[in-house]
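Written below as structure tokens is the structure these notes are about.
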Amino acid sequence: MLMYEEMSQASKSENTVLVNDCPKIMPTLRENSESRDWRVAAIIIVVLYVSFLVGLSRLTGIPTKSLLHVVGIPALDHPLMDLRGVAVWCEMFLHDESPMLHQGVIDFPGEQQYQTYVMNYSPVVLGMGWLGLLPVHVIAWGVGLIILYGISLWYLAGFCTSRNSLLWTLLICSPCSGLVVERGNLDMLVFALLIGGVACRALPIFESFFLILTAAALKFFPAPAFLAVWKEGSRKSRIVASLGVMIFLVLLWIIRSHLAAIGGSLSGSWQSSFGSVVIVDLLHHYGALSDPSLGLGRTVLKVMGIIFCLTLFLAGFLGRSKSGFSISEKAYHAFFMGAPIIILLFTLGNNMDYKWIFLLLQVPALLMIQTSKESFEATISRCWIVLLLIYSYWTFFSDEGSLRNAILKQAVMWFVIGITAFMTGRLWERKSAI
């Protein structure tokens, strides 16, 4: 009877990845003193928060845009503007117009028209027009993307203690997370595809050739997520990941004539953005850096960003401790899906703050590490979480019109990326799984 109970208990435990040279098995979150899953509480708080903002806008007549500015979200006059722009590109394509050569128009009845940018996405995105992504269906698509984003966060968070539930609530309600929802950006779809990859990690062919490859075809930058499949360690996983990368490179070669135009349109913003070159863009915007110096300054900071991340990765890898800590297989896979993506985005130079959501893929692993007995790794993980929260709420507490504050915000992100690179090196070796 005792043996049966022990076997039953073992069958309920989550898979665990053991890291470093002399691993020790930690209790999983489900085995902690709290047996209740607090994710429902997080959902209730998020729904109440959104309902309060919408209700306050309706009751007082204050524009929703103004309320969102108060809570730190740099909202535009109309919601879902990024999604509306993609829908216009799809409609132009279906009418034999080239959105890569001509600007489209977002039309609001009774209001002025808004010109879209010349298309700066992969041409693959135009195929979404055949799936119904047209201006008349933008609201439905927006609601669908938000639901997908919510479901993905639910799965990623997994079983939550009350403390972890509070952290996830703060992250979900943060201005950075709110921005991707307000803009209706396709990064929500990319995020959902990657989380689908985490859920289907036992099926590397499906994960690589459908989920990750689809995400990479839509937005390019998710391609480093193939690293998570490679690190599964089996021969099959490594072959599949290599083939996925090769297919992606073939896709880039096919659309090579568009890459220069896409890259040129992503010169970056100095506001509500992060990346290695944003500090130079800020100095240029405020007149502290001349036009001739801008290009050189951006190049220097990109090189510094690459050296910075590589140095900290090597420091983490070479300084691995002899004792060990454990994280779940799911959290480990999610970490190595998100970490290379966010490091790539940072070193590329300049990205809107809503791409911050790909840092969330590292949260489950670092939450597990910060509860371990390994004081150094636990302290580093806590620092990362605190800095992530500070960056996430920066626009709520700080005036983005201040050059000093904007530079301090970028300094916080440099620390977040640096710790991410360091922990990537720290977690690189996977010794065994249970």
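The values are calculated or read from the model by the stated rules, or taken from the named source; none is laboratory data. Just so it is clear, the model here is predicted, and its values are computed rather than measured. No Cβ is skipped: glycine too gets one built from the backbone with ideal geometry, and neighbour counts run over all protein chains shown.
Got at least one residue in segment 98-113 being assigned to a helix (DSSP H, G or I), touching a residue at least 12 places away in the same chain (Cβ under 8 Å), among the charged types (D, E, K, R) and farther than 29 Å from Ala334 by Cα?
The initial filter retains those residues of segment 98-113 that are assigned to a helix (DSSP H, G or I), namely none.
There is no residue in segment 98-113 that is assigned to a helix (DSSP H, G or I), touching a residue at least 12 places away in the same chain (Cβ under 8 Å), among the charged types (D, E, K, R) and farther than 29 Å from Ala334 by Cα.
Kindly provide the set of residues from segment 65-114 that are under 20 Å from Trp141 (Cα atoms) and of a type in the set (Val, Ile, Thr), ordered by number.
Matches in segment 65-114: Val86, Val88, Val105, Ile106.
Can you pull out every residue in segment 114-127 that is within 24 Å of the chain's Cα centre (by Cα) and either loosely packed, with under 12 Cβ neighbours inside 10 Å or not in a helix (DSSP H, G or I) (or both)?
Answer for segment 114-127, where residues must be within 24 Å of the chain's Cα centre (by Cα) and either loosely packed, with under 12 Cβ neighbours inside 10 Å or not in a helix (DSSP H, G or I) (or both): Tyr117, Met119, Asn120, Tyr121, Ser122.
So for segment 305-312 (the condition being surrounded by 19 or more Cβ atoms within 10 Å (Cβ to Cβ), under 23 Å from the mean Cα position of the chain (by Cα) and small (Gly, Ala, Ser)), does at least one residue qualify?
yes
Can you say whether Lys302 is buried (at least 17 other Cβ atoms within 10 Å of the Cβ), basic (Lys, Arg) and in contact (Cβ under 8 Å) with a residue 60 or more places away in the chain, as far as the supplied structure shows?
Numbers: buried (at least 17 other Cβ atoms within 10 Å of the Cβ): yes; basic (Lys, Arg): yes; in contact (Cβ under 8 Å) with a residue 60 or more places away in the chain: no.
Against the criterion (buried (at least 17 other Cβ atoms within 10 Å of the Cβ), basic (Lys, Arg) and in contact (Cβ under 8 Å) with a residue 60 or more places away in the chain), Lys302 does not qualify.
Mind listing whichever residues of segment 403-434 are of a type in the set (Ser, Thr, Tyr) and in contact with a helix residue (DSSP H, G or I) (Cβ under 9 Å, 6 or more places away or on another chain)? Steps first, please.
Within segment 403-434, the first condition is being of a type in the set (Ser, Thr, Tyr), and the residues that meet it are 420, 424, 432.
The answer is Thr420, Thr424.
Quickly run through segment 71-86 and pick out the residues that are part of a loop (DSSP other than H, G, I, E, B), out of contact with any His (no Cβ under 9 Å at 6 or more places or on another chain) and in contact (Cβ under 8 Å) with a residue 60 or more places away in the chain.
Matches in segment 71-86: Val71, Gly72, Ile73, Pro74, Leu76, Pro79, Leu80.
Of all residues in segment 275-306 being out of contact with any Gly (no Cβ under 7 Å at 6 or more places or on another chain) and part of a loop (DSSP other than H, G, I, E, B), which is nearest to Asp353 (Cα to Cα)?
Tyr286
Across segment 151-165, what is the total count of residues that are without any contact (Cβ under 8 Å) to a residue 60 or more places away in the chain and not basic (Lys, Arg)?
3
For segment 175-191, indicate whether the set of residues that are part of a helix (DSSP H, G or I), under 24 Å from Ser328 (Cβ atoms) and more than 18 Å from the chain's Cα centre (by Cα) is non-empty.
No, every residue in segment 175-191 fails to be part of a helix (DSSP H, G or I), under 24 Å from Ser328 (Cβ atoms) and more than 18 Å from the chain's Cα centre (by Cα).
Whether any residue in segment 235-244 is assigned to a helix (DSSP H, G or I), among the charged types (D, E, K, R) and touching a Gly at 6+ places or on another chain (Cβ under 9 Å) is what I want to check.
Going through segment 235-244, the residues assigned to a helix (DSSP H, G or I) turn out to be 235-244.
Cutting the leftovers down to among the charged types (D, E, K, R) gives us 235-236, 238.
Add one more test, that the residue is touching a Gly at 6+ places or on another chain (Cβ under 9 Å), and what stays is none.
The answer is no, given that none of the residues of segment 235-244 is assigned to a helix (DSSP H, G or I), among the charged types (D, E, K, R) and touching a Gly at 6+ places or on another chain (Cβ under 9 Å).
Residues to consider are Ala406, Ala411; find the one that is out of contact with any Lys or Arg (no Cβ under 9 Å at 6 or more places or on another chain), closer than 18 Å to Ile279 by Cβ and either of a type in the set (Ser, Thr, Tyr) or at pLDDT 95 or above (or both). Quick ask: steps written out before the conclusion?
On the way: Ala406 fails: either of a type in the set (Ser, Thr, Tyr) or at pLDDT 95 or above (or both).
Selected residue: Ala411, the only one of Ala406, Ala411 that is out of contact with any Lys or Arg (no Cβ under 9 Å at 6 or more places or on another chain), closer than 18 Å to Ile279 by Cβ and either of a type in the set (Ser, Thr, Tyr) or at pLDDT 95 or above (or both).
Before we move on, is Leu194 part of a loop (DSSP other than H, G, I, E, B), modelled with pLDDT of 95 or more and of a type outside the set (Gly, Ala, Ser)?
So Leu194 does not fit the description; no.
Check every one of the helices (runs of 4 or more DSSP H) wholly within segment 316-434 and list those with 2 or more residues that are surrounded by fewer than 23 Cβ atoms within 10 Å (Cβ to Cβ).
The helices (runs of 4 or more DSSP H) meeting that bar are 329-348, 375-392, 394-397, 403-426.
Determine whether segment 335-343 contains at least one residue that is over 19 Å from the mean Cα position of the chain (by Cα) and on the phi < 0 side of the Ramachandran plot.
No: zero hits.
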